[in-house]
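K.L.:
So that we are looking at the same thing, I have put the structure below in structure tokens.
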Amino acid sequence: MKRLFSTPLFFVVSAAVLIIAACATNPYTGKSTMALVDSDNLLASSFTQYKQFLDENTIITGTADAAMVSRVGNRIRLAAEKWAASVGQSSYLQKYQWEYNLVRSAEINAWCMPGGKIVVYTGILPVTKDEAGLAVVLGHEVAHALLNHGQQRVSAGVLQELGAVGLSIFTGNQSQEAQALAMTVYGAGSTIFGTLPFSRSHESEADRIGLYLLAITGYDPNMSINFWERMAALGNSGTPQFLSTHPSDAERISNLRSWIPEAKEKAAQIGVIQ
């Protein structure tokens, strides 16, 4: 008789127990999310990588643009803290170490690492145009951090690897060619039907929560439409949406329009930063 721990059934049960146990509730959405990696380790790694990035790039200081990045970033931070406090979850941000830096780069981009480590590239400023436009970008990027999307992406990677291990167990008695084909199909399928939709859902979720943060900071959430219309005018790679990590510009703008009343209502409930 086979021992239980060597059977596929044991693997499935063990994986299910692990996934159910490793979940956390996010105070900004109220949803339960995957947390298969330790938060403290993730933050420590994030802070180390952020410092290394700053050491290897040119930080802009002492300019009006640098001051604007800091000013808008702090307003977004205050909005995040005010929101967390409104649901009795101020401790959620206790280990965040907020930092905002403007970095010289022609790339049209900005990002926020887990724990509140923010970078804005100079290349995006002509597109943001003003404080409100920058607040749209920072609200979105900070939302990624608040929603623990980094932790979820790493967890999804662990889950994908776990699936590969499970597949190798289930196909272990087949030929090497059959096993290789199964792994190829699994890799493509888990990416197209798993990883990419997962990433697109994160982008939409960050758009929505970022829009709420924007309203709480006191900026007009309608400015999000203006910003994304400017982004859309720049063009894109033409990658089909189902093969992309981001929603299409048209879908993004449509979603934002529908969420603006909700964002204003959330700001009225929580209170606007003065």
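K.L.:
In sequence order, what are the phi-derived ³J(HN,Hα) couplings for the range 218-224 according to the Karplus relation 6.51 cos²θ - 1.76 cosθ + 1.60 with θ = phi - 60°, rounded to whole Hz, with x for glycine and proline?
P.N.:
Karplus values, whole Hz, x for Gly and Pro: x, 7, 6, x, 5, 5, 5.
K.L.:
Turning to a different aspect of this structure: Hey, what does the equivalent ellipsoid look like for the range 20-144, semi-axes from the Cα gyration tensor as sqrt of 5 times each eigenvalue, largest first, whole Å? Mind dumping the intermediate values first?
P.N.:
Numbers: eigenvalues 147, 60, 30 Å².
Gyration-tensor ellipsoid for the range 20-144: 27, 17, 12 Å.
K.L.:
How would you rank 121-132, 219-230, highest first, on the average number of other Cβ atoms within 10 Å across their residues? Don't jump to the answer; show the numbers that get you there.
P.N.:
On the way: 121-132: 17.1, 219-230: 19.7.
Going from most to least packed, we get 219-230, 121-132.
K.L.:
What are the ³J(HN,Hα) values, in whole Hz, obtained from phi via the Karplus relation 6.51 cos²θ - 1.76 cosθ + 1.60 with θ = phi - 60°, for each residue of the range 76-86 in sequence order, with x given for Gly and Pro?
P.N.:
Values per residue, Gly and Pro as x: 5, 4, 4, 5, 4, 5, 5, 5, 4, 5, 5 Hz.
K.L.:
Could you give each residue of the range 122-136 its phi-based ³J(HN,Hα) in whole Hz, using Karplus coefficients 6.51, -1.76, 1.60 with θ = phi - 60°, and x for Gly or Pro?
P.N.:
4, x, 8, 4, x, 8, 5, 6, 8, 4, 5, x, 5, 5, 4
K.L.:
For the range 46-89, what is the charge dipole size about the Cα centre, in debye to the nearest 20, if Lys and Arg each add +1 at the Cβ and Asp and Glu each add -1 at the Cβ? Mind dumping the intermediate values first?
P.N.:
Details: 5 positive and 4 negative charges, 52 e Å.
For the range 46-89, the charge dipole is close to 260 debye.
K.L.:
Which links in Lys82/Lys266; Lys95/Lys117; Lys51/Lys129 stretch past 22 Å when you go from one Cα to the other?
P.N.:
Beyond 22 Å: Lys51/Lys129.
K.L.:
Could I ask something else about it? Considering only protein heavy atoms, what is the solvent-accessible area of Phe53 at a probe of 1.4 Å, reported in Å² to the nearest 10?
P.N.:
Accessible area of Phe53: about 40 Å².
The values are calculated or read from the model by the stated rules, or taken from the named source; none is laboratory data. This is a predicted model, so every value here is computed, not measured. Quick reminder, even Gly has a Cβ in these numbers, built from the backbone with ideal geometry, and neighbours come from all protein chains shown. With ligands, DNA and RNA removed, areas are computed over all heavy atoms of the protein, side chains included. Shrake-Rupley method; radii C 1.70, N 1.55, O 1.52, S 1.80 Å.
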